[in-house]
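The values are calculated or read from the model by the stated rules, or taken from the named source; none is laboratory data. What you see is a predicted model, and the numbers here were worked out from it, not measured in a lab. Every residue, glycine among them, receives a Cβ derived from its backbone with ideal geometry; neighbour counts consider all protein chains shown.
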């Protein structure tokens, strides 16, 4: 268990480190792509402004600047002389800041020119733009009104498509196109022009799609390989444990007849025993019985080896299943001394199937033996037989201790024994159900189990018939 936990810990840790490295690399790539995106559009914007100046001798704000000059003339000749106190002055500054921002916003031609230029070059043309006023001064011959960008004048608005904001509120993804300084008879003005792509993240993500897919694919492949490796390792560990359990069980099984034969042999060496013919005969029978048992165990091991190397060699005969089942059950009851209450119900109507009677009998006997062996109370076994158009079904239900769900998927594996209590409390090598499975499959059928702990088990054998 500790080894399993350490493997899981280191494996999971390695995957987490790999994912972290991939995220770090992806984050760096993402940052680089963002910077390249900004640089690309900054360069394109500068190129567009150069072309605009050459073609039209303008920077896109000539009309706006003409209107700003007229507006400043009006303010300085009319409104500035209405100021009576500091509150009036602040109010006027806010109005001037807002009105000039609107003029720049509504009357500029640069945004449309940039959009057309980007489209001609094959790049994204839809963007938002922002105009940030840094400093504004209204002047006439006698008076000067200075307005600096400050929080009290900030207003920010970005519309859905190619719109502007004229406040200095910072937008994280904006790209500076140019810083303008203009002056005329009645004003001096400094402002920045920014563009912002609302779909920038999608564009960058599209450019990174290949690398992201490769990163995700590599992570998935590593996780899958780890899971397969971990599962195979756990399966090898389980098989190793089964092998160890089998060796322990077989050693235990072999020691019993060997110990008995050894004790019986020493008994025959005793003088008082040799003088008693009845004792000699009794000891000889005991040696013979245990020798047979020992021989059966050895033959069982040899059979396992043979079955692993070759397929079953079946001697099939066309027999009625219900009659054969009756004979098997009655023989079992007699052999175990009526050790269980067995009820039989067959609805086969004399159906015949091609089966090997020896192996078939072994299969049913194994199921009946387990039903008796794994019952903590008086064994009750119900056997039912029925058919459909293609198969014969034989169900063997008992009132035994049941099988946990986690064990059910392994009980037909070779050497597997349900892990409850002392493994030697109930004798066995973990081969009975393995043989049942192999015999059923060799006849072209199968076997399944339905069970709940404490509620008994139902084994269903299917055999095809013609």
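Yes or no, residue by residue, for (1) within 30 Å of residue 292 (Cβ to Cβ); (2) touching a strand residue (DSSP E or B) at 6+ places or on another chain (Cβ under 6 Å); (3) at pLDDT below 80; (4) not assigned by TED's automatic domain parsing to the domain that holds residue 96:
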residue	(1), (2), (3), (4)
184	no, no, no, no
193	no, yes, no, no
220	no, no, no, yes
250	yes, no, yes, yes
Exercise for review: Among what's in the range 1-38 and is under 20 Å from the mean Cα position of the chain (by Cα) and closer than 30 Å to residue 173 by Cβ, pick the residue that is modelled with the lowest pLDDT.
Suggested key: 22
Check your understanding: Checking residue 260 against (1) within 30 Å of residue 364 (Cα to Cα); (2) part of a helix (DSSP H, G or I); (3) modelled with pLDDT of 75 or more, which test does it fail?
Key -> (1)
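Conditions (1) modelled with pLDDT under 90; (2) crowded, with 16+ Cβ neighbours inside 10 Å, marked per residue:
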| residue | (1), (2) |
| --- | --- |
| 40 | yes, no |
| 59 | yes, yes |
| 70 | no, no |
| 79 | yes, no |
| 82 | yes, no |
| 104 | no, yes |
| 110 | no, yes |
Review point. Among the residues of the range 334-363, which ones are in a helix (DSSP H, G or I) and either over 15 Å from residue 397 (Cα atoms) or at pLDDT 90 or above (or both)?
Key: 334, 335, 357, 358, 359, 360, 361, 362
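Conditions tested, residue by residue: (1) under 16 Å from residue 359 (Cβ atoms); (2) over 34 Å from the mean Cα position of the chain (by Cα); (3) outside the structural domain of residue 362 (by TED's automatic domain parsing); (4) modelled with pLDDT of 80 or more.
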| residue | (1), (2), (3), (4) |
| --- | --- |
| 388 | no, yes, no, yes |
| 395 | no, yes, no, yes |
| 416 | no, no, no, no |
| 420 | no, no, no, no |
| 433 | yes, no, no, yes |
| 436 | yes, yes, no, yes |
| 449 | no, no, no, yes |
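To keep it simple, each residue is scored yes or no on (1) within 18 Å of residue 116 (Cα to Cα); (2) not assigned by TED's automatic domain parsing to the domain that holds residue 196; (3) not in a helix (DSSP H, G or I).
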residue	(1), (2), (3)
29	no, no, no
49	yes, no, no
59	yes, no, yes
74	no, no, no
80	no, no, no
84	no, no, yes
90	no, no, no
94	no, no, no
Point to revise | Residues located in the range 361-394, provided they are more than 19 Å from residue 336 (Cβ to Cβ) and either in contact with a helix residue (DSSP H, G or I) (Cβ under 7 Å, 6 or more places away or on another chain) or surrounded by 18 or more Cβ atoms within 10 Å (Cβ to Cβ) (or both) | key: 385, 387, 392, 394
Exercise for review: Tell me which residues, restricted to the range 98-131, are part of a strand (DSSP E or B) and either out of contact with any strand residue (DSSP E or B) (no Cβ under 8 Å at 6 or more places or on another chain) or within 25 Å of residue 57 (Cβ to Cβ) (or both).
Suggested key: 129, 131
Study note, to complete from the structure: Those residues of the range 42-57 which are in contact with a helix residue (DSSP H, G or I) (Cβ under 9 Å, 6 or more places away or on another chain) and exposed (fewer than 15 other Cβ atoms within 10 Å of the Cβ) amount to 47, 51, 56
Check your understanding: For the range 171-206, what are the residues that are surrounded by fewer than 13 Cβ atoms within 10 Å (Cβ to Cβ) and touching a residue at least 12 places away in the same chain (Cβ under 8 Å)?
Key -> 179, 185, 199
